[in-house]
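Visitor: The following block contains the structure, expressed as structure tokens.
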Amino acid sequence: MKRFLIYLIILFSISLYFVLTLFILPDLFLSNTQPVSQPYFDVSVSESELFLGESFRIEIESSNKGDYGDIHIVSVAFPDLIEINDVAKIVTYDFTQSPSYFSIGDEIGSKYSGGLETTFSKYPSIEAMSRPVQTGSEYNFHLVITPDKLGEFLIFVKSVNIPHTNDLSHYPNSGTLDHQDEFVSVFSVNVNP
């Protein structure tokens, strides 16, 4: 009789465990809202017009206005350049990881997929990254740019936080699409002879 009662208790416990794990707990976990890490930045460009051979500064103040995140990336791209060479120099940055340089033809992530979808770079860029990213964290990224051609010199700036859970996980979240099929803010400086 005791043995039967023990088997009955074990059977009940196992049944209860499976009912909880298969039917009740998944709904509770799925009903919780996912945290959203939300990047934002302000960009200051020191000149709107200059002469060939002169330099300008671009200062980016970036932050996480949302929940905790794994990674915070700020990307500065130069669609008019073939190579960065001496055109763009990092003056200061306080991101936790060293900046990465990407050249034309490098395989890069695409469509906010965190690297699951890729494409090939059509122009050079520099990425600064911090990990992990606390709520309210702030980072600075300052560059000196010396354009090597006349005309309009374009700069694309964007920020992406990972995990990328929705449209709040990147900034800007509308406007011009870059070679990664991701939104960018466009800045320009006119270079005169």
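Only the coordinates and a few stated rules stand behind these numbers; no lab work does. Keep in mind it's a predicted model, so treat the numbers as computed, not measured. We place every Cβ from the backbone using ideal geometry, glycine too, and count neighbours over all the protein chains shown.
Visitor: For residue 58, what is the net charge nearby, where nearby means another residue's Cβ is under 13 Å from its Cβ and Lys, Arg count +1, Asp, Glu -1?
Guide: Values: positive: 57, 89; negative: 42, 47, 59, 61.
Once all neighbours under 13 Å are counted, the net charge is -2.
Visitor: Counting only other residues whose beta carbon sits under 12 Å from that of residue 132, what net charge do I get with K and R as +1, D and E as -1?
Guide: Overall, the nearby charge balance is -1.
Visitor: So what J values fall out for the range 168-173 if you push phi through Karplus, 6.51 cos²θ - 1.76 cosθ + 1.60 with θ = phi - 60°, rounded to Hz, Gly and Pro as x?
Guide: Computed from phi, the couplings for the range 168-173 are 6, 7, 9, 9, x, 10 Hz.
Visitor: Okay, next question. Starting at the first residue of the range 175-184, write each ³J(HN,Hα) from the Karplus equation 6.51 cos²θ - 1.76 cosθ + 1.60 with θ = phi - 60°, in whole Hz, x for Gly and Pro.
Guide: x, 7, 9, 9, 5, 9, 6, 10, 6, 9
Visitor: Can you give the net charge of the other residues whose Cβ lies under 9 Å from the Cβ of residue 75, counting K and R as +1 and D and E as -1?
Guide: Net of charged neighbours comes to -2.
Visitor: Per residue of the range 2-15, what does 6.51 cos²θ - 1.76 cosθ + 1.60 with θ = phi - 60° give for ³J(HN,Hα)? Whole Hz please, x for Gly and Pro, Karplus curve as stated.
Guide: Coupling constants for the range 2-15: 4, 4, 4, 5, 5, 4, 5, 5, 5, 4, 5, 5, 5, 4 Hz.
Visitor: Now, a different point. Helix-only mean residue ellipticity at 222 nm, the chain, DSSP H runs n ≥ 4 weighted -39,500 (n - 2.57), per residue, nearest 500. What is it?
Guide: Calculated at 222 nm, the ellipticity per residue is -4000 deg cm²/dmol.
Visitor: Next question, about the same structure. What dipole magnitude, in Debye to the nearest 20, does the chain give about its Cα centre under +1 on Lys/Arg Cβ and -1 on Asp/Glu Cβ?
Guide: 1240
Visitor: Show the residues, 5+ positions off or on another chain, whose built amide H is closer than 5 Å to the amide H of residue 80.
Guide: Here the answer is 154, since their amide H atoms fall under 5 Å of that of residue 80.
Visitor: Compute the distance from the alpha-carbon center of the range 114-157 to that of the range 80-100, in whole Å.
Guide: Value for the Cα centre distance between the two parts: 8 Å.
Visitor: To continue, here is another question. Have a look at 11, 168, 154 and tell me which one the Gaussian network model of the chain (Cα, springs below 10 Å) gives the largest fluctuation.
Guide: Most flexible of the set in this elastic network: 11.
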